[in-house]
Amino acid sequence: MSPSPTPTAARRASARALGAGAAALLLFGVSGCGPLIGGGQDDGASRPDTSVPSIADVEPAADPRAFDGVLDINLPDPRIDPIQADPVPQLPATVTDAQGTSVRVTDVSRILALDVYGTLAHTVFELGLGDNVVGRDVSSTFPEIADRPLVTHNGHELSAESILDLDPSVVISDTSLGPFDVLLQLRDAGVPVVITDSHRGMDNLASLTQEVADALGVSEAGRALGERIEEQVAAKEAEIGGVAPADVTGKLRTIFLYIRGQSGVYYMFGEDSGADALIDAAGGYDVAEEIGWNGMKPVNDEGLIAAQPDVVVMMSEGLDSVGGVDGLLEKFPALGNTPAGEHERIIAMDDGQVLSFGPRTSDVINALAVALYAPDALG
């Protein structure tokens, strides 16, 4: 159970002063992986968990390009396995955060760790400090945190008053949630706020973990957890390498679409978006470099035709937002002139999982690899 809140009246008043004008949710953020994921699902209950075997235990398809249809993946809740059972934080901890701000943390008894994918909260639990977490964002839904009160509204909008009602002793976040003025308001109210790297990728699995650990005074646990995550990913990549074709011509040509139909947001993620690293790690061939698609840009017919994808990877709610595969093909007729469109070959994954990286990275790339090269194993 979470510690009972001990609200501070002055902080609540300060939160109310923030006003409605600063509470507008940004649909497109500034994090390393780009946009804020949308929707207001709290626990993914509308989608059953997907049983995903290890890529090492499946029989690869004779011709993975011949598979037809959509695979919608919702991984089961992660198994929390703290790197230390009872870490003893070394406090005070003074860190320089990702924005160059020096932050002094003297108390980690009431932690809030908030980001758009739930990566930071999961990391805190894996560091062994889960009992100190007093609230959660909408993307953090694993059983160990599910009883904590939400501090995000309307999906991923930070609520200053909800946060301050919990009287946190430290807040760890990034720039993926908005409005950012809420985090500045917390600092003005005297709460230590540590901003971590918003980039999510294969290249900062350990360093992001270390940022969280250093801020909480458990640096040694952070080093151990970072090493464990990297070892798990390396082992899984080796297994994937034993199944995925070694030659680039045999790999499935893959693109990542970020879509929010209700908001008119239609993007294809390219190089340095985070999606490219995910596709590569899962054994796919990310076509972004080949077609010169850098970062995150509005998708267009020319890009789709140039890419000629065998597979489209997207977020589940994004696919829902355009009415499923039929709506996607209606919106982008050019996609129908690609192998992916002809076979309706779509891999959709839960919004809070697919680009989360962090402690779940090995699970995510395993699931995508199975979906790419052994799709029949997913039923």
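Just so you know, all these numbers are worked out from the coordinates, no wet-lab data involved. Only a predicted model underlies this, so the values are computations on that prediction, with no experimental measurement involved. Cβ coordinates were reconstructed from backbone atoms using ideal geometry, including for glycine residues, and neighbour counts include every protein chain displayed.
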Report summary line: Placing one equal point scatterer on each C-alpha of the chain and summing with Debye, one gets log10 I(q)/I(0) at q = 0.09 Å⁻¹ equal to -0.51
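Under the Kirkwood approximation applied to all pairs of distinct alpha-carbon atoms, what is the hydrodynamic radius of region 124-239 in Å?
One decimal place: 15.3 Å for the Kirkwood radius.
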Requested in this report: Round to the nearest 10 and give me the degree value, 0 to 90, for the angle of helix 361-373's Cα axis relative to the longest principal axis of the chain.
Outcome: 10 degrees
Query raised in the report: Where the centroid of each part is defined by its Cα atoms, how far is region 173-214 from region 296-347 in Å?
Result: 33 Å
Query raised in the report: Just how far, in whole angstrom, is region 100-167 from region 220-237 if you go by their alpha carbon centroids?
Result: 23 Å
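Using packing as a proxy for protection, rank 87-97, 124-134, 167-177 so that the peptide with the highest average count of other Cβ atoms within 10 Å comes first. Write out the running numbers ahead of the final one.
On the way: 87-97: 15.8, 124-134: 22.6, 167-177: 24.7.
The peptides rank, most packed first, as 167-177, 124-134, 87-97.
In debye to the nearest 20, how big a dipole does region 232-379 give about its Cα centre with +1 on each Lys and Arg Cβ and -1 on each Asp and Glu Cβ?
Values: 8 positive and 23 negative charges, 29 e Å.
Result for region 232-379 is approximately 140 debye, rounded to the nearest 20.
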Query raised in the report: In percent, how large is the relative contact order of the chain, given Cα pairs closer than 8 Å and 6 or more residues apart?
Result: 23 percent
Query raised in the report: Suppose every K and R has +1 on its Cβ and every D and E has -1 on its Cβ; what is the size of the dipole of the chain about the Cα centre, in Debye to the nearest 20?
Result: 1080 debye
Report summary line: Restricting to Cα pairs under 8 Å and 6 or more apart, the percent relative contact order of region 245-323 works out to 42 percent
**Report entry** Whole-Hz ³J(HN,Hα) from phi, Karplus 6.51 cos²θ - 1.76 cosθ + 1.60, for region 69-75, glycine and proline x
**Finding:** x, 9, 10, 10, 10, 10, 5
